[in-house]
Amino acid sequence: MLPNNFQKYLFRLVYFAAAVFYFLTVQESYSQNDKGYEYAEKKSGELFRNKKWDELIVFGNKTLKDKIDFYYLRVRLGTAYYEKNQYLYAIENFEKAKDFGYEESSVMEMLYFSYLKTGRDEDAEYIFGRLPETNKYRIRPLNNAFINNAVTISGIGLSNDIKNNGNASTITGNNGNIYSEQTLNGNKFYINGGIKQIPVERVSVFYDYTYINQEKEKQYCIDSNLYSDNYSEIQNRFYNKLEILAGRGFVVSPAFQYINKRYTTFFLNYDSIAEYSKYDNTSGKVNFSFNDEETNQDDFVLSMELTKYVSLFRLALNGSFSYLNEYHQSQTGISFTYFPNGKTDFYLTTNAVLHFQNNVTNLIGTQLFGGRILKNIYTNAYVTFGKINNFNEQNAFTVYNNPDNITLNFGAEIKYNILENFSAYFLYSNQQHERDIVNYKNSGTGNSPVSSEVLTYQLNSISAGLKYTF
């Protein structure tokens with residue numbers, strides 16, 4: 001056993017040696033980091049000046065892996081990605097550069113356009129507000145406090161419902177039915193217009209109005225005699241949405257849509273037809289009558305969406321409560337958008353929604369593919385599966401309030417950027433519809449057995465629109 005004095009001496013010696021070793025190691029590390037920083041600054045600057053974007057991206061990412069990070073490296077790396085149209089990677093580096101505490105106008109301008117090109121309008125407006133006035137005027141010379149952008153879309157919907165299902169044999173089946181009824185959906189015309197305002201920083205307000213004129217035909221078939229009335233259903237829709245930038249890439253968006261539906265058509269006196277159903281056709285008939293009635297119906301949708309951009313992903317949660325066609329509905333959904341290469345040249349969006357109505361739950365899914373097909377032309381195509389009835393999407397902007405079910409919905413959109421702040425849109429959609437009709441048969445025994453039949457039809461819609469940012 002070693003003497004106590006010797007043990008103390010040994011411990012002090014070991015401690016001193018460890019301290020010296022740590023000091024030399026740290027000094028060497030600092031020296032290496034200093035040399036690494038100087039080399040990274042020189043090399044990245046040289047690649048940047050010579051516009052060797054691919055080499056700069058490789059070198060910059062390797063430097064970051066070596067834990068060397070500084071403002072100009074992020075600026076140069078972000079610019080390289082920007083020039084390669086990889087805007088999501090550009091955003092990541094410009095945001096890191098901004099976190100160093102500097103806001104150069106040229107860097108902020110590239111960040112602004114990167115946000116715009118990836119659909120992050122709220123983040124873009126926040127950065128735009130921090131640009132010098134000269135930059136603002138050059139980018140958007142008509143920028144004003146009252147209106148941020150304006151959009152209008154109009155189109156037609158072509159239906160084959162009346163052609164396919166609008167005859168007596170279709171709804172009675174020639175099976176001795178005494179009574180059937182249905183409402184057929186014809187062609188429709190619609191026009192839409194909206195404006196967006198930014199009253200205060202981080203908050204935007206969108207106002208929108210849509211007018212729809214839907215041709216319809218009401219039919220009653222009694223003893224194979226067809227009684228019909230052609231009429232127009234007019235819908236006036238008012239939509240309002242707030243978008244609140246709660247944090248970088250995080251948007252909270254409550255929305256509301258009010259729908260007024262008006263039409264006038266004839267209705268059968270149900271008391272007389274119910275009495276009629278008790279008798280055999282050969283024993284006599286009870287007179288029946290039709291009454292013209294005006295319907296003025298008010299519906300609404302309340303919605304909320306939370307959106308967060310994380311790296312190459314856009315994540316969204318949404319929910320809504322609605323009252324459509326005299327029923328209450330609720331929805332809960334989730335959405336993922338993925339940009340595989342950090343560009344807007346190609347992206348995938350997957351939506352899944354649980355829809356609740358009358359104690360029935362439906363799962364509705366949408367898959368969308370989008371990207372750029374030419375320099376200034378972008379497109380997307382989508383398909384939606386599920387039983388769509390009294391349903392809304394796009395944060396209640398699009399409402400499907402036709403009482404008939406949609407079993408399949410697919411379409412495509414083309415966007416042409418005429419100018420940096422002026423775009424044209426062309427849209428097409430195809431909806432496969434179905435509805436159940438009820439047939440009453442006279443059994444001659446005082447009761448009225450009921451049979452049902454499913455009728456199908458298609459609605460093809462074509463529309464075009466313009467959007468201008470001031």
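The values are calculated or read from the model by the stated rules, or taken from the named source; none is laboratory data. Remember, it's a predicted structure, so these values are computed and weren't measured experimentally. Note that each Cβ is placed from the backbone with ideal geometry, even for glycine, and that neighbours are counted across all protein chains shown.
Which one of the conditions (1) under 24 Å from I418 (Cα atoms); (2) surrounded by 15 or more Cβ atoms within 10 Å (Cβ to Cβ) does L374 fail to meet, given that it meets all the rest?
So L374 meets the others, but not (2).
Would it be correct to say that G166 is modelled with pLDDT under 90 and crowded, with 16+ Cβ neighbours inside 10 Å?
Yes, satisfied.
Given the conditions (1) out of contact with any strand residue (DSSP E or B) (no Cβ under 6 Å at 6 or more places or on another chain); (2) at pLDDT 95 or above; (3) within 26 Å of S159 (Cβ to Cβ), report the number of the one that H328 does not fulfil.
(3)
Has the stretch 102-119 got any residue that is modelled with pLDDT under 95, within 28 Å of the chain's Cα centre (by Cα), part of a loop (DSSP other than H, G, I, E, B) and not acidic (D, E)?
Checking the stretch 102-119: at least one residue is modelled with pLDDT under 95, within 28 Å of the chain's Cα centre (by Cα), part of a loop (DSSP other than H, G, I, E, B) and not acidic (D, E).
Pick out the one residue from I222, I171, I195 that is of a type in the set (A, V, I, L, M) and either modelled with pLDDT of 95 or more or under 26 Å from the mean Cα position of the chain (by Cα) (or both).
None of the other options fit; the residue is I195.
Within the stretch 339-358, how many residues are free of Cβ contacts under 8 Å to residues at least 60 places away in the same chain, among the polar types (S, T, N, Q) and surrounded by 15 or more Cβ atoms within 10 Å (Cβ to Cβ)?
Qualifying residue count, the stretch 339-358: 3.
Residues being more than 19 Å from the chain's Cα centre (by Cα) and surrounded by 16 or more Cβ atoms within 10 Å (Cβ to Cβ): count how many of those fall in the stretch 396-406.
Total meeting the criteria: 3.
If a residue has to be in contact (Cβ under 8 Å) with a residue 60 or more places away in the chain, among the polar types (S, T, N, Q) and not in a loop (DSSP other than H, G, I, E, B) to count, how many in the stretch 391-409 make the cut?
Total meeting the criteria: 1.
Kindly check whether there is at least one residue in the stretch 434-453 that is under 30 Å from L374 (Cα atoms) and either at pLDDT 95 or above or not assigned by TED's automatic domain parsing to the domain that holds F256 (or both).
No, the stretch 434-453 has no match at all.
Checking the condition crowded, with 21+ Cβ neighbours inside 10 Å, of a type in the set (A, V, I, L, M, F, W, C) and modelled with pLDDT of 90 or more, which residue from I156, I127 passes?
I127
Could you identify the single residue in N192, N164, N240 that is assigned to a helix (DSSP H, G or I) and either over 23 Å from D292 (Cβ atoms) or of a type in the set (F, W, Y) (or both)?
N164
Please go through the stretch 301-323 and pick out each residue that is hydroxyl-bearing (S, T, Y) and part of a strand (DSSP E or B).
S303, T307, Y309, S320, S322, Y323
Could you check L111 against (1) assigned by TED's automatic domain parsing to the domain that holds G371; (2) over 22 Å from Y425 (Cα atoms) and say which number it fails?
L111 satisfies all of (1) assigned by TED's automatic domain parsing to the domain that holds G371; (2) over 22 Å from Y425 (Cα atoms) except (1).
Quick one: in the stretch 293-317, of everything that is buried (at least 19 other Cβ atoms within 10 Å of the Cβ) and among the polar types (S, T, N, Q), which residue is nearest to T264 (Cα to Cα)?
S303
Residues that are within 22 Å of S463 (Cβ to Cβ), crowded, with 18+ Cβ neighbours inside 10 Å and over 19 Å from the mean Cα position of the chain (by Cα): does the stretch 359-369 have at least one?
So far as the stretch 359-369 goes, no, none of its residues is within 22 Å of S463 (Cβ to Cβ), crowded, with 18+ Cβ neighbours inside 10 Å and over 19 Å from the mean Cα position of the chain (by Cα).
Looking only at residues that are surrounded by 12 or more Cβ atoms within 10 Å (Cβ to Cβ) and under 17 Å from S204 (Cβ atoms) in the stretch 137-147, which one is modelled with the highest pLDDT?
Top of the filtered list is I147.
Could you please let me know if S44 is farther than 30 Å from K196 by Cβ, touching a Leu at 6+ places or on another chain (Cβ under 9 Å), of a type in the set (S, T, Y) and assigned to a helix (DSSP H, G or I)?
Yes: the conditions hold for S44.
Would you mind stating whether L77 is closer than 26 Å to G371 by Cα and part of a helix (DSSP H, G or I)?
Answer is yes for this residue.
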